[in-house]
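Worksheet for the structure shown next.
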Amino acid sequence: MSESTAEFPPEGAAANGEQDAMAAEWEAALAQQSSTPQPDMDDFASAASEVTNAASQMTPAAFANFAPSPASAAGNDINMILDIPVQLTVELGRTRIPIKNILQLAQGSVVELDAMAGEPMDVLVNGFLIAQGEVVVVNDKFGIRLTDIVTPSERMRRLSKGN
């Protein structure tokens, strides 16, 4: 086997021209850096003394006390959120069907749901189950009569399960 050695940088007119240009750029950059005045230690010492003088002239900030007063601890806190709108949904039931069946739906089609007739409807707030109830009709409008409220511990259990 014959060994060939490669030289770096390669010899030749183009390579030498590039090297010369690179050397000239470095020389210009070093010359510019040496002509830029560099700060000396006296500048740093005077800046440090200015910072020390400014620190001695500072006064502590005064912040308002945000701790709740005993008289308004619970009453005012709940009032802050009472006007926040939430979405209340009553869910009749659910089902999973392929897209091809959805495309075949027409007026009068019946979609079977997983809920049984007479079974309580789920009441959700922002997608979270909070209660169950039964459908009622009042003055020609549908409503729901709550029959079971989900306890806070049950809500937490459902949240942790991801349901």
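Read the figures in this text as sums done on the coordinates, not as results from a lab. This structure is a prediction, so every number in the text was calculated from the model and none was measured. Glycine gets a Cβ as well: all are built from the backbone with ideal geometry, and neighbour counts include every protein chain shown.
Overview of values
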quantity	calculated
Other-chain or far-sequence residues with amide H under 5 Å of VAL150's (modelled H)	ALA131, GLN132
Trypsin sites (Lys or Arg not before Pro) within the range 92-122: DSSP coil, no more than 13 neighbouring Cβ in 10 Å	ARG94, ARG96
Gain on full stretching of the segment that runs from GLU27 to MET80 - 0.36 nm per residue minus C-alpha separation	12.3 nm
Sites matching GluC sites (Glu not before Pro) across the range 92-163 that sit in DSSP coil, with at most 11 neighbouring C-beta atoms within 10 Å	GLU112
Cα pair distances in the range 86-161, grouped into 10 Å bins until the bin that holds the longest one, percent each	16, 37, 33, 14, 1
